[in-house]
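Nothing in this text is a laboratory measurement; each read-out follows from the coordinates by a stated rule. Note that the coordinates shown come from a computational prediction; the quantities given were computed from them, not determined experimentally. Neighbour counts run over all protein chains shown; Cβ positions are idealised from the backbone, glycine included.
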Amino acid sequence: CQSSQQRLPYTNTNSSLLRTRDPNTIFRYSARRNADDLHYSPYSLSPLSPASIRLLRSPRKQLRKIPKTPFKVLDAPELQDDFYLNLVDWSSTNILAVGLNASVYLWNANTSNVTRLCDLQTESDTVTSVAWSDRGQYVAVGTHKGIVQIWDATTNRKTVSFPRHTARVGALAWNDYCIYSGSRDRFILQNDTRSSKQERKLAGHRQEVCGLKWSPDRQLLASGGNDNRLLVWNQSCMNPIQIYTDHTAAVKAIAWSPHQQGLLASGGGTADRYIRFWNTLTAQSLQCIDTGSQVCNLAWSKHSNELVSTHGYSQNQIVVWKYPSMVQLARLTGHTFRVLYLAVSPDGESIVTGAGDETLRFWNVFTKCRANKESDSVLNLFNKIR
């Protein structure tokens, strides 16, 4: 009996939790609190839970602010005001190539030095398109006479010339050592820069080819033309594998998403004004949005699911969009002519735009910080494009 009187009133098998219960506190009320319930009264009549109150009291996440003015403006005398040309491109080595009348100039973004790469005035020709190779060593130059010239930017020498088009070359696209050129003669030609041999001749457009873009994996080539058609080609067929005819004006603006395989964006001219999105894996249209003005160029951000568009008649603006909601993140103005030319910096943060007002304007529109992860809900069809 003596041993039983010394037994503790409450015993737990875990010795670390061993404690004595005071019989005088059995019917005494006490509010149990923890660190998450600070400043929360048990007698509060608020319908909000402590977690909701804590969320409301936390500071709001500040939205990213996109500067409304360019951080640099360069003069570009004789920059042509022609919707069908592509006269500006930014290399992976941070050098900007600009076609001005009969010459191509190189602007080094690291040193701000300007050099002239070539002058076609002696050939009575003008520049109609420029495009850097992937490694940034060579510049392809398309001319009004239908010639594609390849120039070595390190030595300022022409390495090869392809005089195979019968009209001006307004669009160029590299794929490794091959250069693809789209012309007013309605054809797309593939030429290997390591030889003078013509590889392929693609016939699918009924009017001038004004847009050419390779997919990130270099397997599909998208082409846009003045015939209002968007075509998709692969490397083995001589005929387009997909044809999209929803646009009602010339298709120059073309951009492949670097985030979702097979996602292609295209923009129509003055009579169309729409940005359309396509799933090239299923050959289906995803969505479209009326921008209210001529769509001249499109480019995706490398780091987030955003894209930028440049416009002509009648607003001459630059718009940054959030995909897939297509909410406008920023609307930038400053050009007094159509914003016909667009290139993205190698770091993916800045863009340069060119217009017939003979200026090049540099803008900070993208960020390297990745956007919030999209919902994984089965109802979000855009996440299923893989």
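A few points about this structure:
- The Cβ shell under 12 Å around Val320 holds other residues with a net charge of +4, Lys and Arg each +1, Asp and Glu each -1.
- Annotation: lysines with alpha-carbon distance below 26 angstrom to Lys68 (same-chain offsets under eight excluded): Lys252, Lys302, Lys322, Lys368.
- Label-point separation, Thr155 to Ala271 (7 Å along Cα→Cβ), nm: 4.8
- Stretching the chain fully between Gln328 and Asp357 yields a gain of 7.9 nm (0.36 nm per residue, less the alpha carbon separation).
- Take every pair of alpha-carbon atoms less than 8 Å apart whose residues are at least six positions apart; their mean separation over the length of region 75-198 yields a relative contact order of 17 percent.
- Database remark: amide H of Cys210 closer than 5 angstrom to the amide H of Gly224, Gly225, Asn226 (H placed geometrically; neighbours at sequence offset of 5 or more, or on other chains; Pro and chain starts carry no H).
- Residue list for region 136-178, given a label point 7 angstrom along the Cα-to-Cβ vector of Ser124 and an amide N cut-off under 19 Å: 143-148, 163-169
- Aspartates and glutamates whose Cα lies under 20 Å from that of Lys72, excluding same-chain neighbours fewer than 8 positions away: Asp89, Asp347, Glu349, Asp357, Glu358
- Region 296-316 and region 104-183: distance between their alpha carbon centers, rounded to Å: 24
- Local electrostatic count at Ser266 - Lys and Arg +1, Asp and Glu -1, tallied over other residues with Cβ under 15 Å: +1
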